[in-house]
Amino acid sequence: DGRLTFYPGNQTVDLPFINFMKKYGTVFLNAYTNSPICCPSRAAMWSGLFTHLTESWNNFKGLDPDYVTWMDLMEKHGYHTQKYGKLDYTSGHHSVSNRVEAWTRDVDFLLRQEGRPVVNLTGDRTHVRVMEADWRNTDKAVNWIREEAVNLTQPFVLYLGLNLPHPYPSPYAGENFGSSTFLTSPYWLEKVTYEAVKIPKWSSLSEMHPVDYYSSYTKNCTGEFTKQEVRNIRAFYYAMCAETDAMLGEMISALRDTGLLKKTIVIFTADHGELAMEHRQFYKMSMYEGSSHVPLVVMGPGIKEQQQVPNVVSLVDIYPTMLDIARIPVLQKLSGYSLMPLLHGKAENEVSAIGPRPSWVLSEFHGCNVNSSTYMLRTGKWKYIAYSDGRSVLPQLFDLSDDPDELTNVAVKFPVMVHSLDKILRSVVNYPKVSSSVQEYNKRQFMSWKQSLGQNYSNIIANLRWHQDWLKDPKKYENAIDKWL
């Protein structure tokens, strides 16, 4: 959650290495994902293109495997490149459940697709390495810096992808269920200031926006939660962020020990945030701040120190920024703009080669747990969220300066603003058309999947992540699918 990198969010948990980067670099106060879910978000970051241009519709559908990324271009221009950890920007990954849930979101049924969010404390005060796979990848990256990077005669670019802070799989809910366990050890939990953990306000279920209600239900969050449960989920999530920060620290220490820190640009960001029970949801897939607002902190030679940038920026800006750092010409039309002018502390109105940076960012979502394509335009104090064809589901408008917790939809109160923001949104993406092509894609994909299963279809679909609800009345849900088809 990007809000943890600046005040007041950063008061909840101790993140020493994020703070180190802020002291010697720049933090972006309004950085956003272009799609609040793993694969589509990473596809935007690696391609520099909006989600509707790469057609990264869900966690299964990202970039083609041979897609030329900014790292490929840097390698071509003489950089030594190295990747460790989670990449997840090409098509074909994630579970069958993940795909089928995304494809069937227009079906007229409501099924819980996740375990109820819970916390789990493991180990004792000496248990530091909770997310072992991430630590192994961090060790590999650290060793690479100490043994390889230090001896290189050419410039290098190193990427480390971490899974944390991400809820863990929940075995209690059956093997196919999602990741709804917030897991940490006492060592990390002690880094959290419990008194500073805010309990989010919730609208009543009947007052929720219909899309929010669907998300809350499929994420298994519509039941009763005590204040203590909610506070714990949030605190455990912050503890997981503290463990992530320690991995960043290992990287910074390796660069410092090898004398590379002074001549290396370090960028820390994320593919999406975590709602951690805000708006009666956990996970991502939402345009609310907890899910869509990402961290972006940069330090290194030429980067202005102790700078806070208020401009709205997004992950598609990473691609042109990397090419700018490497002085590689951008040969295709990208959705993003280089962050280097802002990082150097130059005025935002200085015109770059491709014209001035727009005053808005776009995020869109077409995957599971949300029963409509969603489009978010953030500009100034406004956040505008449009759905589907723009008519069948009512839009939302939030004034973030007045209502940072996004509890009051003021779309009806400000029709002129809605009209003006909708016009900007449509100039960037013909969203009714995109929504309709996603609907067609979902139906096509589902039909070919169903055909590929033959006689096995009924058994397999009944045992996906929604099995606990589905098995109460399998015929009813199969009929709903047939009706949709």
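Brief remarks follow.
- Among the residues listed as Leu464, Leu425, Leu453, Leu471, the single one being more than 29 Å from Leu334 (Cβ to Cβ), in contact (Cβ under 8 Å) with a residue 40 or more places away in the chain and not assigned by the TED database to the domain that holds Ser335: Leu464
- If the condition is being of a type in the set (D, E, K, R), outside any helix (DSSP H, G or I) and surrounded by fewer than 17 Cβ atoms within 10 Å (Cβ to Cβ), then the stretch 1-40 contributes no residue at all.
- Within the stretch 333-385, considering residues that are more than 20 Å from Asn30 (Cα to Cα) and open to solvent by less than 20 Å² (accessible area, probe 1.4 Å), the one modelled with the lowest pLDDT: Gly355
- Scanning the stretch 428-450 for residues that are of a type in the set (S, T, N, Q) and either touching a residue at least 40 places away in the same chain (Cβ under 8 Å) or closer than 14 Å to Glu478 by Cα (or both) turns up Ser435, Ser436, Gln439, Asn442, Gln445.
- Checked against the criterion of being closer than 28 Å to Lys262 by Cβ, open to solvent by 30 Å² or more (accessible area, probe 1.4 Å) and not hydroxyl-bearing (Ser, Thr, Tyr), the candidates Glu75, Glu55 yield just one match: Glu75.
- Filter result for Arg256 (more than 25 Å from Ala196 (Cα to Cα) and either open to solvent by 20 Å² or more (accessible area, probe 1.4 Å) or modelled with pLDDT of 95 or more (or both)): yes
- Residue pairs whose Cβ atoms lie under 8 Å apart, separated by 6 or more positions or on different chains, with the first residue in the stretch 123-152 and within 17 Å of Thr244 (Cβ to Cβ) and among the acidic types (Asp, Glu) and the second open to solvent by less than 100 Å² (accessible area, probe 1.4 Å) and part of a loop (DSSP other than H, G, I, E, B), are Asp134/Leu162; Asp134/Asn163; Asp134/Leu164.
- Residue count for the stretch 12-60 satisfying the condition of being of a type outside the set (Ser, Thr, Tyr) and closer than 21 Å to Glu305 by Cα: 16.
- Of all residues in the stretch 29-75, those satisfying the criterion of being closer than 14 Å to Phe365 by Cβ, among the hydroxyl-bearing types (Ser, Thr, Tyr) and touching a residue at least 40 places away in the same chain (Cβ under 8 Å) are Tyr32, Thr33, Ser35, Ser41, Thr51.
- Check on Asp402, outside any strand (DSSP E or B) and loosely packed, with under 13 Cβ neighbours inside 10 Å: yes
- Residues satisfying the stated conditions in the stretch 73-99, i.e. in a helix (DSSP H, G or I) and either in contact with a Gly (Cβ under 7 Å, 6 or more places away or on another chain) or over 30 Å from Ser437 (Cα atoms) (or both): Leu73, Met74, Glu75, Lys76
The values are calculated or read from the model by the stated rules, or taken from the named source; none is laboratory data. Bear in mind that the values here come from a model prediction, so they are computed numbers and not experimental data. Counting neighbours? That spans all protein chains shown, and the Cβs are built from the backbone with ideal geometry, glycine included. Surface accessibility is based on the protein's heavy atoms, side chains included, excluding ligands, DNA and RNA. Shrake-Rupley method; radii C 1.70, N 1.55, O 1.52, S 1.80 Å.
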